[in-house]
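To start, the structure itself, in structure tokens.
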Amino acid sequence: QVQLVESGGGLVQPGGSLRLSCAASGGIFRLHAMAWYRQAPGKERELVAGITTTGSTNYAESVKGRFTISRDNAKNTVYLQMNSLKPEDTAVYYCNARQYYGSGVYSPDYWGQGTQVTVSS
């Protein structure tokens with residue numbers, strides 16, 4: 001069993017920055033791809049950014065050029081640097097990860113409890 005704990009959320013003014021962290025702990029064997037999702041009130045959860053074990057990344061079009069995802073495999077941690085924040089970025093941000101056991105066997109998706117990001121003046 002793997003636990004994911006997010007941190008770094010808070011209230012920030014438009015144009016400001018925040019850095020989110022997600023630390024994995026528990027029965028870690030081999031973390032595979034990791035990602036950040038977000039969900040605003042009344043909306044579906046959406047993918048914000050993802051990163052592979054080798055560092056390849058992908059981003060939602062709405063955050064390209066403003067957000068940067070990175071990971072530290074030695075620390076089992078993934079980060080999301082958010083710059084030039086906009087009110088529409090307001091949401092609960094969730095960390096996502098899974099493990100790979102070999103032979104095509106993966107763990108279920110693991111989710112953190114989420115951290116609130118509010119962008120408002």
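Of all residues in segment 11-36, count the ones that are farther than 26 Å from S56 by Cβ and surrounded by 13 or more Cβ atoms within 10 Å (Cβ to Cβ).
The total comes to 3.
Any residue at all in segment 81-88 that is among the acidic types (D, E), touching a residue at least 24 places away in the same chain (Cβ under 8 Å) and open to solvent by less than 20 Å² (accessible area, probe 1.4 Å)?
No, because not a single residue in segment 81-88 is among the acidic types (D, E), touching a residue at least 24 places away in the same chain (Cβ under 8 Å) and open to solvent by less than 20 Å² (accessible area, probe 1.4 Å).
I'd like to verify a number: residues in segment 45-76 that are within 16 Å of G112 (Cβ to Cβ), surrounded by fewer than 17 Cβ atoms within 10 Å (Cβ to Cβ) and polar (S, T, N, Q), how many?
0
Considering A91, A97, which residue is buried (at least 18 other Cβ atoms within 10 Å of the Cβ) and farther than 23 Å from G15 by Cβ?
A97
The values are calculated or read from the model by the stated rules, or taken from the named source; none is laboratory data. Model, not experiment: these values are computed from the prediction. Here Cβ is always computed from backbone atoms with ideal geometry, including for glycine, and neighbour counts include all displayed protein chains. Side chains included, ligands, DNA and RNA excluded: accessible areas come from the protein's heavy atoms. Shrake-Rupley method; radii C 1.70, N 1.55, O 1.52, S 1.80 Å.
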